[in-house]
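The values are calculated or read from the model by the stated rules, or taken from the named source; none is laboratory data. If you're wondering where the values come from, they're calculated on a predicted model, not measured in any experiment. Here the Cβ positions follow ideal geometry from the backbone for every residue, glycine too, while neighbour counts run over all protein chains shown. The accessibility values were calculated without ligands, DNA or RNA, using every heavy atom of the protein model including side chains. Shrake-Rupley method; radii C 1.70, N 1.55, O 1.52, S 1.80 Å.
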Amino acid sequence: MSEDSQWLLDWPVSGGARVGRAELKTSPEDFRVTELLWPEREDDVAAPGPVEVSGDGEHLCLRLEKTGDNTEYVARELAALEGCRSFDVGFCGLKDRHAVTVQWFSLYRPGQEADDQALMAEVGQRWPVRAAVRHSRKLRRGDHQANGFEIVLRNVTGQRELVEAGLARLASQGAPNYFGPQRFGFQGANLDRALQIDPSRLNRKRGRAGRSASKNVLYFSAARSWLFNQVLAERVSNRTWTEVLPGEPEPSGAGPTGPLWGDGGTLASGEQEALERGVVDACPELTRLFQSTRMKPERRPLVARPGEFKWQWLDTTTLRIQFVLSPGQYATTVLGDLFELEDLSLSRDNK
């Protein structure tokens with residue numbers, strides 16, 4: 001891109017236009033996330049009383065409730081409390097710090113079962129421990145089955161009947177499964193940095209340049225995500241985002257997918273391949289990143305389908321919405337398909 005150009009970071013919505021505005025994250029309690037790892041074991045996370053460890057295995061999995069702390073910070077602190085390497089602490093996904101979140105962490109503690117309760121008591125002084133179980137392996141990204149959300153939107157504007165119709169549409173149809181704008185940095189800064197990457201360096205081992213290499217992977221991922229959003233935006237504009245087009249690779253009941261670009265481009269063929277390459281070819285500065293890497297093309301669903309979707313008006317301008325999403329799907333993207341959201345946590349960060 002030229003120096004005076006700007007990255008597109010707001011993509012078409014499924015209804016043609018948003019139906020109103022709303023304030024998000026007025027307080028952390030207005031944005032609650034519960035990670036669902038083992039649904040058959042998910043009891044009331046707020047249940048009082050002592051927590052006993054069940055199961056067996058070398059890893060102690062703790063279900064913690066946290067407010068104001070991001071996931072990676074908690075993982076580092078757990079490693080310090082346990083006295084282990086940061087690598088020995090696992091988790092399934094990153095959760096927002098401007099929220100009340102309940103998620104699982106695993107700690108590698110072979111042969112230390114007798115000391116589990118003492119460690120849990122120490123951890124419990126920092127974060128409430130809601131459940132504990134021994135497990136045979138470390139928790140890794142994407143191991144969880146879903147995330148449950150309870151979100152309160154405040155100062156909601158828009159005609160009540162249009163908001164109600166939009167909510168019903170989200171419940172039945174879902175929303176375009178865009179990557180959220182936070183992935184791209186402020187005003188697309190991560191994309192600007194992606195243009196400066198030497199693609200051949202992405203194949204090298206980190207070595208002493210571990211932090212630099214990690215940043216390059218972040219920028220590379222931002223570029224890949226932005227190209228996916230561009231393809232999805234085209235599908236939303238031509239009203240095919242909920243349809244499986246000819247050339248869909250290995251079509252299944254999962255519905256239509258879009259490209260996570262890689263070496264060789266896309267796995268699609270025919271009509272769908274032509275559409276995807278036509279969109280991506282409009283940004284050759286980013287596509288060059290993929291020509292000398294070993295990253296294989298992948299697919300991502302075009303539709304975010306919230307389950308167990310329900311809502312309640314707490315008063316004339318306050319709306320509570322609850323739903324469940326698969327890993328890798330964004331609650332703010334789903335709600336942003338209906339509302340122009342003002343994230344008040346961002347203004348607090350800038351104070």
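Any chance the stretch 177-190 includes a residue that's surrounded by 19 or more Cβ atoms within 10 Å (Cβ to Cβ), more than 14 Å from the chain's Cα centre (by Cα) and either within 30 Å of Thr242 (Cβ to Cβ) or at pLDDT 90 or above (or both)?
Checked against the condition, which is being surrounded by 19 or more Cβ atoms within 10 Å (Cβ to Cβ), more than 14 Å from the chain's Cα centre (by Cα) and either within 30 Å of Thr242 (Cβ to Cβ) or at pLDDT 90 or above (or both), the stretch 177-190 yields at least one hit.
Based on what the data block shows, is Val102 in a strand (DSSP E or B) and at pLDDT 95 or above?
Yes.
Inspect the stretch 86-104 for any residue being farther than 26 Å from Val334 by Cβ, out of contact with any strand residue (DSSP E or B) (no Cβ under 7 Å at 6 or more places or on another chain) and open to solvent by 30 Å² or more (accessible area, probe 1.4 Å) and give the result as yes or no.
Yes, the stretch 86-104 has at least one match.
What are the residue pairs meeting all of these: first residue in the stretch 160-173, first residue more than 13 Å from Ala17 (Cβ to Cβ), second residue of a type in the set (A, V, I, L, M, F, W, C) and open to solvent by 60 Å² or more (accessible area, probe 1.4 Å), Cβ atoms under 9 Å, and 6 or more apart or on different chains?
Sorted first by the residue in the stretch 160-173, then by its partner, the pairs are Glu164/Trp311; Leu167/Trp311; Ala171/Trp311.
Six or more apart or on different chains, Cβ under 6 Å: which pairs go from a residue in the stretch 318-332 that's at pLDDT 95 or above to one that's part of a loop (DSSP other than H, G, I, E, B) and buried (at least 16 other Cβ atoms within 10 Å of the Cβ)? Could you list them?
Leu319/Val156; Phe323/Pro306; Leu325/Pro306
What number of residues in the stretch 76-115 are within 18 Å of the chain's Cα centre (by Cα) and of a type outside the set (Val, Ile, Thr)?
13
Could you look through the stretch 301-326, keep only residues that are more than 19 Å from Pro181 (Cβ to Cβ) and part of a loop (DSSP other than H, G, I, E, B), and pick out the one that is least open to solvent (accessible area, probe 1.4 Å)?
Filtering first and then ranking leaves Pro306.
Condition check: open to solvent by 60 Å² or more (accessible area, probe 1.4 Å), within 24 Å of Pro28 (Cβ to Cβ) and without any contact (Cβ under 8 Å) to a residue 24 or more places away in the chain. Does Leu346 satisfy that?
Yes, satisfied.
Which residue pairs have Cβ atoms under 6 Å apart, sit 6 or more places apart or on different chains, and have a first residue in the stretch 62-82 that is within 16 Å of Ala132 (Cα to Cα) and a second that is crowded, with 16+ Cβ neighbours inside 10 Å and small (Gly, Ala, Ser)?
Short answer, once both residue conditions are applied: Leu62/Ala132; Arg63/Ala131.
Being more than 23 Å from the chain's Cα centre (by Cα) and closer than 20 Å to Pro176 by Cβ, is that true of even one residue in the stretch 281-288?
Within the stretch 281-288, one or more residues are more than 23 Å from the chain's Cα centre (by Cα) and closer than 20 Å to Pro176 by Cβ.
Among the residues of the stretch 58-84, which ones are under 16 Å from Leu94 (Cβ atoms), among the small types (Gly, Ala, Ser) and modelled with pLDDT of 95 or more?
Passing the criteria: only Ala75.
Considering only residues that are surrounded by 15 or more Cβ atoms within 10 Å (Cβ to Cβ) and touching an Asp or Glu at 6+ places or on another chain (Cβ under 6 Å), which ones fall in the stretch 148-176?
Across the stretch 148-176, the qualifying residues are Val152, Arg154, Ala175.
Has the stretch 239-249 got at least one residue that is modelled with pLDDT under 95 and in a strand (DSSP E or B)?
Among the residues of the stretch 239-249, not one is modelled with pLDDT under 95 and in a strand (DSSP E or B), which makes the answer no.
Can you name the number of the only condition in (1) out of contact with any Pro (no Cβ under 9 Å at 6 or more places or on another chain); (2) charged (D, E, K, R); (3) more than 26 Å from Leu218 (Cβ to Cβ) that Glu271 fails?
Status for Glu271: all satisfied but (1).
I'd like the residue in the stretch 281-297 that is of a type outside the set (Asp, Glu), outside any helix (DSSP H, G or I) and within 15 Å of Gln230 (Cβ to Cβ) and, out of all such residues, is most open to solvent (accessible area, probe 1.4 Å).
Only one residue fits best here, namely Ala282.
I'd like the full set of residues that are of a type in the set (A, V, I, L, M, F, W, C) and touching a residue at least 12 places away in the same chain (Cβ under 8 Å), limited to the stretch 111-148.
The answer is Leu119, Met120, Val123, Trp127, Val129, Ala131, Ala132, Val133, Leu139, Ala146.
With the structure loaded, tell me whether Gly265 is under 24 Å from Gly328 (Cα atoms) and under 21 Å from the mean Cα position of the chain (by Cα) or whether it fails that test.
For Gly265, the condition - under 24 Å from Gly328 (Cα atoms) and under 21 Å from the mean Cα position of the chain (by Cα) - is not met.
Inspect the stretch 218-229 for any residue being modelled with pLDDT under 95, in a loop (DSSP other than H, G, I, E, B) and under 18 Å from Leu286 (Cβ atoms) and give the result as yes or no.
No, because not a single residue in the stretch 218-229 is modelled with pLDDT under 95, in a loop (DSSP other than H, G, I, E, B) and under 18 Å from Leu286 (Cβ atoms).
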